[in-house]
Every structure is written in C-alpha cells, then in structure tokens.
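Asker: Here it is, the structure, as structure tokens.
The numbers here are math on the coordinates, done by the rules we state, and not lab data. Being a predicted model, the structure only gives us computed values, none of them experimental. Neighbour counts are summed over all protein chains in view; Cβ atoms, including those assigned to glycine, are modelled from backbone coordinates with ideal geometry.
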Amino acid sequence: MGSKLNYKRTFFVGLAFLSISAFWQMYDNIIPLMIQNTFGLGETVTGVLMAMDNVLALILLPVFGSLSDRVDTPLGKRTPFILAGTVLAVIFMMLLPFADRRQSLALFLAALFATLLSMGLYRSPAVALMPDLTPNHLRSRANAVINLMGAVGGVYALIMIKFLVGAGDRPDYAPLFVSVAALMVVAVGILLITIRENKLRKETEEGEKERDSKAAEEAESSAALAHKTTLPREVKRSMIFLLASIFFWFTAYNAVTTAFSRYTRVVWKMEGGSFANCLMVATVAAIISYIPIGNISARFGRKKTIMGGILIMAACYLAAVFVGAYHPVINIAFALIGVGWAAINVNSYPMIVAMSQGSDIGKFTGTYYTFSMAAQIFTPVFSGFLLENVSYRTLFPYALLFALASFCTMTQVRHGDVKPVKKKSLLENFDVED
C-alpha cells in the first residue's frame with residue numbers, strides 16, 4: 001500500500017456509516033412524536049423507550065463486533081453483518097409508520113425492538129470495516145472521511161424531516177421512513193458492489209508487512225513499558241473529573257436532542273417537521289467549525305477550547321429558557337450550539353488518550369464510551385420525568401445545569417492538555433483522534 005489514502009475507496013466504505021447516521025437522526029426526532037402523539041404515553045415512559053437503544057448498544061455492540069472478528073465468509077468478515085443488518089432494519093423500520101397509522105402499540109413496540117436489534121447487528125462491523133481495509137498510518141485521515149459521511153447522512157435525514165413531515169399531531173410518517181430506508185438500501189448496495197472486502201483486506205495486510213515488522217518491535221517495547229507503568233495518582237484524578245465532565249455534557253446535550261421535537265410543538269407551537277431547521281443549522285455549523293476549532297485548539301490547548309465550548313452552549317441554553325415562541329434568531333443560537341458541541345467532541349477523546357499514555361489506552365477508550373452512553377441512557381428517563389411531572393419548560397434549565405456541572409468538573413482536569421498539531425489537510429479536521 002502507498003503512503004496516500006485511497007479517498008474513493010474510503011468514501012464507499014463510509015456509505016455504511018452514512019446510512020446508520022441517517023437512521024439515528026430520524027429515530028431521535030420522530031420516534032418520540034409517535035410514542036406520545038399516537039399512543040399517548042407520558043414523558044417518563046417515552047424517555048425509557050428512547051433510552052432502550054443505548055441499553056441494547058451496551059450489550060450488542062461488543063457482541064457483534066467480536067463475532068464479526070471471528071467469522072470468515074466469501075463476502076468477508078464485516079460485510080455479511082452490514083448486509084443482513086441493513087435488510088432486517090429496513091423491513092422492521094417500515095412497520096413503524098404502519099403501526100402508527102393503525103394505532104397498534106403492540107406492533108409498534110415489537111417493530112421498534114426488532115429494528116434496534118437489527119441496527120445493533122451491523123453497527124460495530126460497519127465501523128470496523130474502515131480500519132480493516134486501511135493501513136494503520138492512514139486511519140486518522142480515513143476516520144475523517146467516515147465522520148464526514150456520517151454528518152452528511154444526518155443532514156439528509158433532517159432535510160427529509162423538514163419536507164416530508166406534515167403538520168398536525170398525527171402526520172403520515174411513511175414517506176419519511178421510505179426516504180431514509182431508500183438511502184440505506186442504496187448506500188449499502190453501492191458498498192457491496194464497490195468493496196470486495198476479502199481482496200482489499202489481503203492487499204492491506206500484504207502492504208503492511210514491512211510496517212508490521214517494525215511495529216511489532218515498537219509494540220513489544222510499549223507493552224513492556226505498559227506492564228511497568230500505572231496511571232499516576234494525579235493523572236487518575238484528572239481522568240475521573242474528565243469522565244464526569246463527559247457524563248454531564250452528554251446528559252445536557254442528549255436531553256435537548258431527544259426532547260426537542262416535542263418541546264417545539266408544545267412550547268414554541270411549531271408544526272410538522274419545521275423543528276428540523278434548528279437541528280440542521282447546528283449540524284452544519286458543527287461541520288464547518290472543525291477547521292477553526294482545530295486552529296484554536298492548536299493555539300490555546302484542548303482544555304480551554306472545551307471549556308469555551310461548554311460556556312457557548314450554556315449561554316444558548318440560558319437564552320432558550322426565555323424564548324416563548326420560535327423566531328429566526330433562534331437559528332443563530334443553534335449554530336453556536338453546534339460550534340460548542342464540536343469544540344467539546346474534537347478535543348475530549350484526545351485528552352483521554354493523552355492521559356492514558358503508558359497505560360491501557362484501549363481500556364480508557366472503552367471507559368470514555370461507557371460514560372457517554374450511560375449519560376444517554378440516564379438523561380431521556382430523568383429529563384422525561386421532569387417534562388411530564390413538572391413542565392416542558394424544565395428542558396433548557398436542565399441542560400444548563402448539567403452543562404455548568406461539566407464546566408466545574410473540567411476546571412479540575414490538570415492533565416491531557418497537549419496542544420495538538422495543526423492538521424495538514426481539510427479532511428483531517430473532521431477526525432477526533434491524534
């Protein structure tokens with residue numbers, strides 16, 4: 001393999017992640033509306049159901065990721081899971097708008113559970129396909145392309161929500177589901193046609209032989225060091241506060257994204273899919289801001305950039321508390337939320353990696369995702385309870401409180417603030433790893 005990334009191949013590999021991101025964007029915004037407006041379930045129950053995907057993810061992602069490591073088929077290791085998962089997910093997800101129109105709660109819940117299982121079947125294998133087919137020294141750039149593809153999938157779903165979800169309490173969601181299902185089928189179909197997993201994996205392995213020899217020596221030296229090195233007490237303290245910050249800011253942000261479609265209907269009196277405008281603005285702003293955020297981080301450091309992002313988001317949450325109806329100016333606030341969220345995400349994981357040097361990086365990577373996913377299990381239930389039993393107006397004060405809590409815990413983080421090197425290419429700014 002050469003020293004340059006095959007961007008065309010990486011684009012085709014990223015189609016699986018694009019389809020996944022499009023589904024989850026639709027899921028987070030539309031499923032709560034179905035649960036409440038059609039079946040009349042309360043906010044607490046809605047929160048529990050919306051947390052179910054994260055609970056299943058904690059169980060399914062490691063299982064199917066590990067299983068795909070061990071299988072060997074003519075299609076490859078990951079491709080069979082991607083194909084089967086996509087087909088099953090499309091079949092079961094199309095039952096959701098049907099159950100919604102029939103007002104059949106039993107069918108809806110059964111289809112929802114089957115859909116989430118199907119998505120869990122291929123989520124990890126789809127993510128693992130990129131490193132399988134990309135030399136180690138090019139994976140950072142490849143990951144940038146994958147993240148960008150995911151963002152495109154999310155924006156596609158928001159555009160479809162805007163134009164295909166009508167007004168009223170019970171619009172027909174079938175056109176929206178068809179549009180997302182069609183994207184998933186087309187994306188994975190192109191992937192199957194263009195990517196020959198076994199052949200490309202063999203080429204990658206052969207191209208890495210010389211690098212593997214050198215890497216083996218370095219790995220042996222690093223492993224010896226890791227066995228002798230434990231995380232220093234002061235670094236462990238910083239790690240704990242950073243993990244707490246991760247939990248708090250995911251608690252704040254996920255509460256807003258999960259409940260926003262319902263909040264806009266009840267408080268801001270917005271109809272149909274018009275709420276998607278705000279979320280689309282936030283997503284696009286986050287994408288655009290990666291480059292300047294990379295430059296800011298390189299100059300001022302990760303910690304200050306993260307804390308600046310938290311303050312930007314907290315200010316927007318505070319402003320939203322006093323907004324009683326939608327106004328176009330709100331889009332500016334959501335653009336700032338997108339920028340703030342990007343500032344946090346770009347820099348938080350590299351801080352984890354920097355602190356875990358000389359120890360078990362893989363373990364702390366898993367811990368990072370455990371804390372972020374735990375927050376996404378906790379917050380739909382707890383914030384839903386407040387929305388139902390207190391007021392919808394609690395949403396943004398709730399987000400503000402946990403955002404400020406993350407700022408406080410971040411002040412106690414003393415390590416991992418290595419200033420990253422400025423990226424050499426535009427696409428590298430979409431990556432979250434150093």
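Asker: So for the stretch 1-123, what percent of the C-alpha to C-alpha distances run longer than 27 Å? Present the calculation step by step, with values, prior to reporting the outcome.
Answerer: Details: 2084 of 7503 pairs.
Looking at the stretch 1-123, the distances longer than 27 Å represent 28 percent of pairs.
Asker: Sticking with this one: For the chain, set up a GNM with springs between Cα atoms under 10 Å and report which of 284, 180, 329 has the largest fluctuation.
Answerer: 329
Asker: Roughly how many nanometres apart are two label points built 7 Å out from the Cα toward the Cβ at residue 63 and residue 236?
Answerer: Once both label points are built, they end up 3.3 nm from each other.
Asker: Same structure again: Under a plain spin-label model, where a point goes 7 Å from the Cα along Cα-to-Cβ, how far apart in nm are residue 8 and residue 117?
Answerer: Rounded to a tenth, the inter-label distance reads 4.1 nm.
Asker: Give me the one-decimal nm value for the distance between modelled label points at residue 369 and residue 71, 7 Å along each residue's Cα-to-Cβ direction.
Answerer: 1.8 nm
Asker: Charges on Cβ only, +1 for Lys and Arg, -1 for Asp and Glu, centred on the Cα centroid of the stretch 1-206; of 122, 21, 149, which one is farthest towards the dipole's positive end?
Answerer: Among 122, 21, 149, the one farthest towards the positive end of the dipole of the stretch 1-206 is 149.
Asker: Quickly estimate the mean residue ellipticity at 222 nm for the chain, helices only: each DSSP H run with n ≥ 4 gives -39500 (n - 2.57), and the total goes over all residues, rounded to 500. It would help to have the intermediate numbers written out before the result.
Answerer: On the way: 16 runs with 333 residues, N = 434.
Roughly -26500 deg cm²/dmol at 222 nm, from the helical runs in the chain.
Asker: Multiplying the sequence separation of residue 202 and residue 311 by 0.36 nm and subtracting their Cα-Cα distance, what value in nm do you get? Could you put the intermediate results ahead of the total?
Answerer: On the way: separation 109, 0.36 × 109 = 39.24 nm, distance 4.78 nm.
Gain on extension, residue 202 to residue 311, equals 34.5 nm.
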